[in-house]
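Below: one structure, written as structure tokens.
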Number of protein chains: 2
Amino acid sequence: MEPVTQPPKHRVVIIGGGFGGLYAAQSLKNADVDVTLIDKRNFHLFQPLLYQVATGNLSPADISSPLRSILSRQKNVRVLMEEATDIDPETQQVMTSRGAIPYDSLIVATGVSHHYFGNDQWKDDAPGLKTIEDAIEMRRRIFSAFEAAEKETDPEKRKALLTFVVVGGGPTGVELAGAIAELANHTLKQDFRSIDTTEAQILLIEGLDRVLPPYPADLSVKAAESLTKLGVTVRTKTKVTQIDGDNLTLEYDETRETISAKTILWAAGVKASGVGRVISDRTGASLDRVGRVMVESDLSVPNHPSIFVIGDLAHCADPEGKPYPGVAPVAMQEGKYVARLIKARLSGQSLPRFLYKEFGSLAVIGQNAAVANLGGVHLSGFIAWFIWIVAHIYFLIEFDNKLVVMIQWVWNYVTRSRGARIITDTTLVPGESPSVRSRKEEPVNV
Amino acid sequence: MEPVTQPPKHRVVIIGGGFGGLYAAQSLKNADVDVTLIDKRNFHLFQPLLYQVATGNLSPADISSPLRSILSRQKNVRVLMEEATDIDPETQQVMTSRGAIPYDSLIVATGVSHHYFGNDQWKDDAPGLKTIEDAIEMRRRIFSAFEAAEKETDPEKRKALLTFVVVGGGPTGVELAGAIAELANHTLKQDFRSIDTTEAQILLIEGLDRVLPPYPADLSVKAAESLTKLGVTVRTKTKVTQIDGDNLTLEYDETRETISAKTILWAAGVKASGVGRVISDRTGASLDRVGRVMVESDLSVPNHPSIFVIGDLAHCADPEGKPYPGVAPVAMQEGKYVARLIKARLSGQSLPRFLYKEFGSLAVIGQNAAVANLGGVHLSGFIAWFIWIVAHIYFLIEFDNKLVVMIQWVWNYVTRSRGARIITDTTLVPGESPSVRSRKEEPVNV
């Protein structure tokens, strides 16, 4: 008898282990395919809570789960910690620094990074928040500013050290500004001897006429009220025209004003990952204004039905032609959809177009303060905050057993304590020991 | 009536917020003194658990507490995040980059860093474990080695990637080796597809004839047995004569052997912080072989009764002339003693010499495996492990409310999960986005 040779399995390659890529991989669990998930980091990051790392409420590992451990039991997935450098649609391969990986279906989900609207020179003065390293750097800047203010005797310099500017009034900006206000007005209140942390100024700058522009107008009003109550100065219809070191120039109604702020944080814009450009170069696909790939209604790249782009990197329009927002639930549903589509195709079927089912949107401002738009029902205050907490704990537990960490987190939240406000310096050389220089200086009052 | 002028308060300056400095500050709580605590970091580090950060079990913030928050309610303490650069015993001042701080009593507690016995060139190939940054770097190396092994097709190179060498069989070396063995044999077992992590080799190298040399000999035997059971190869009477990249030369009984190991971790020796040299230069105090300051039996510097050196930086001999060991309990008791002595002096009294009261010593090897010497009672196995856990939780809670984190930790320990095994790269520039290079490579099997 001839041995029965198995046909080679359909190979799915996924680039990016964010919400889109991970949900795609997980939704292929029972499919008769070989999945390779490529990510240059070894963990999935729960990005919606990154601002809590930046403000010392959570540790990086609390919102990160090793991809291998999430997918440990799913034996048809192989995780590869690697950077995709190129794709070749003709030979159907993804290039990495260690060689090419062949695919039958390719899912690209590499997301976005921040964007300075042509002012990339602002990057060092106003860092953005997309990676764990970004969050650690923000945390370092925020807490170092308070430390430096404690030592500063010049009132002007002290004021600049205690001025925190968040550029961008979207969900991330609102969350950051609210969290910094809670730090200044509650958490750190008793900790310093020379400064009164409640004198800190927290400015939230938004170019449009209200914060949380994608939300219904009444919720934007509620959010601005909550921010003001927390001690945040909300400046709408205000544009940032210049950032130079500690100096920030604002334009409002054709009036310009320069303020001094040691800590400027960027939450104003995103641009697509560079992989979008590669896909465009190799497939001829169009990119939108921020570099996202214009995909078909089934999330495939035009004329390349076996290449899919999902999540923040994809520009996918709803039936009315409006693009879906760059949020985690869209990415998750897109990942699931593409997995179902691949399975359908393998059995010779097809699927109707992708439709995003929106359950609602939630933005948190501070303790007991959030806004929620749940299927047209507008909520704010404690009830929105409570829904926000429950929703986030639910999703965190789904990936990994973060339950105990989440108890810690609720505990922090309720007690207004911030256990993770350590300053670790990414520029400090590991192993560097306390050095002592022999140098005398003038006495100073401390 | 003349206004009553208060006499200026006695100023105590403490350099270093480790166990010695922090306990000294806390023990001055009800004293009528002004305390300034100087540390270049903003947090107290619970160093005995640093190896758990290095092996992905805990997050940095889990074992770090902001000094300000620990001392928040103690109004006679001011915390200064600053580096001491020099001291001047004549004018009684501590120099910092921002000026001089006058003192009436000075307590120096800047600890130790690792020591390569004249082979400082080994530092990059075999990092040590003293700071949070050291631990993050070790964690990066350990988990990156498994990631690289998964991709490596050359069997020799793969073997080197899966070989972990810990140099030094003291408590830190034993704990590190045991934790890596648990990672390889349990935690990571299901996570990879190309490698079998249980084939990893973990070597513990000790120059003397047994591990845990300061412990009673029967406990050293127990510890070695537990390590072997966990999968660690214990090599005693073995010296490291050369480290060059991945190559490590060992000498045993005049026989030399070179092995290839991608991950070499240093737990072999310490030397005193550079502040010891400064004290010696300024006061004429002697230093011992590893740079610790030889102090009087009341922990003061000879001929300088108002300068104290405590903790790992101090060489303080017991009444038989044997120096007290460099462990946290000694530092804590020294901090308390000096605080009491300062208070006694202020009321015109004195104290008998410092005597360390030893309650016992504990070293953990892995789950359910530890050794303990409690007042002459030798324990090992589960009971020693349980005492170790309870003791550490007790001390962690004393500083800060780490109770919930500790529940997480016990949970990890029991389930053998390691939630914090993320690879964060200290060399990665914050804000760096996923870059894509256009470069084609040869196909490779992955």
TODO: Rounded to the nearest 0.05, what FRET efficiency do residue A:257 and residue A:194 give with R0 = 25 Å and r taken as the Cβ-Cβ distance? Could you check?
DONE: 0.30
Open item on the list: Taking the number of other C-beta atoms within 10 Å as the exposure measure, put B:40, B:130 in order starting with the fewest.
Closed with: B:40, B:130
Task: Averaged over B:49-58, number of beta-carbon atoms from partner chains that fall within 10 Å - done: 1
Open item on the list: Past 28 Å, Cα to Cα: identify those pairs from B:123/B:222; B:130/B:262; B:229/B:357, in the order given.
Closed with: B:123/B:222; B:229/B:357
- [ ] Could you line up A:59, A:297 from fewest to most neighbouring Cβ atoms inside 10 Å?
- [x] A:297, A:59
TODO: Output, in nm with one decimal and in ascending order, the distances from the residue B:259 label point to the matching label points of the other copies (7 Å from Cα along Cα-to-Cβ).
DONE: 6.0
Task: Inter-chain shielding of B:270-282 (mean C-beta neighbours from other protein chains, 10 Å cut-off) - done: 2
Open item on the list: How shielded is B:187-195 by partner chains, expressed as the average number of their Cβ atoms within 10 Å of its Cβ atoms?
Closed with: 4
Task: Whole-Å distance, taken between Cα centres, linking the stretch B:157-205 and the stretch A:65-114 - done: 27
Task: chain A: antiparallel DSSP beta bridges as a percent of all, rounded to 5 - done: 55
Open item on the list: As an exercise, find the ratio Rg/Rh for the stretch A:120-268 from alpha-carbon atoms, using the Kirkwood inverse-distance average for Rh.
Closed with: 0.95
Open item on the list: What are the extents of the Cα atoms of the stretch B:1-158 along their three principal axes, in Å, largest first?
Closed with: 91, 34, 23
TODO: Order these peptides, A:287-295, A:349-357, B:45-53, by their mean beta-carbon neighbour count within 10 angstrom, highest first.
DONE: B:45-53, A:287-295, A:349-357
Open item on the list: List, shortest first and in nm to one decimal, how far the label point of residue B:352 (7 Å from Cα along Cα→Cβ) is from its counterparts in the other copies.
Closed with: 8.9
Task: Sparsely packed GluC sites (Glu not before Pro) within the stretch A:67-158, loop by DSSP, other Cβ within 10 Å at most 10 - done: A:90
TODO: Show that you can apply the helix-only estimate: for chain A, add -39,500 (n - 2.57) for every DSSP H stretch of four or more residues, divide by all residues, and state [θ] at 222 nm to the nearest 500.
DONE: -9000 deg cm²/dmol
Open item on the list: With only alpha-carbon atoms in the gyration tensor, what are the semi-axes of the equivalent ellipsoid for the stretch B:228-340, in Å, largest first?
Closed with: 38, 17, 13
Task: Fraction of beta bridges assigned by DSSP in the stretch A:120-268 that are antiparallel (%, nearest 5) - done: 50
- [ ] Treat the count of other C-beta atoms within 10 Å as a stand-in for reagent exposure and order A:55, A:233 from fewest to most.
- [x] A:233, A:55
Task: Projected-area average for chain B over all orientations - Cα convex hull basis, square nanometres - done: 26.6
TODO: Return the inverse of the average 1/r over all pairs of distinct C-alpha atoms in the stretch A:112-161, which is the Kirkwood hydrodynamic radius, in Å to one decimal.
DONE: 12.5
Task: For the axis carrying chain B to chain A: nearest C-beta residue of B, whole Å - done: B:59, 2
Open item on the list: With viscosity set to 0.890 mPa s at 25 °C, what whole-number translational diffusion coefficient in µm²/s follows for the protein assembly as shown from Stokes-Einstein and a Kirkwood radius over Cα pairs?
Closed with: 83
TODO: Output the relative contact order of the stretch B:299-377, whole-number percent, from Cα pairs under 8 angstrom with separation of 6+ residues.
DONE: 20
Open item on the list: Tell me which GluC sites (Glu not before Pro) from the stretch B:242-280 have a DSSP coil assignment and no more than 14 other beta carbons within 10 Å of their own.
Closed with: B:254
TODO: Over chain B, calculate the relative contact order: mean separation of alpha carbon pairs under 8 Å at least 6 apart, over the residue count, as a percent.
DONE: 18
Task: Relative contact order %, the stretch B:120-268, counting alpha carbon pairs below 8 Å whose residues are six or more apart - done: 31
TODO: Along Cα-to-Cβ, 7 Å out, sits the label point; list in nm, shortest first, how far the one on residue B:317 is from those in the other copies.
DONE: 8.7
TODO: Between the alpha-carbon centers of the stretch A:1-56 and the stretch B:270-289, tell me the distance in whole angstrom.
DONE: 55
Open item on the list: If you restrict to DSSP beta bridges whose two residues both lie in the protein assembly as shown, what percentage is antiparallel, to the nearest 5?
Closed with: 55
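None of the figures in this text is laboratory data; all of them are computed from the coordinates on show. In this text, all values refer to a predicted model and were calculated from it rather than measured experimentally. So basically every Cβ, Gly included, is an ideal-geometry build from the backbone, and we count neighbours across all protein chains shown.
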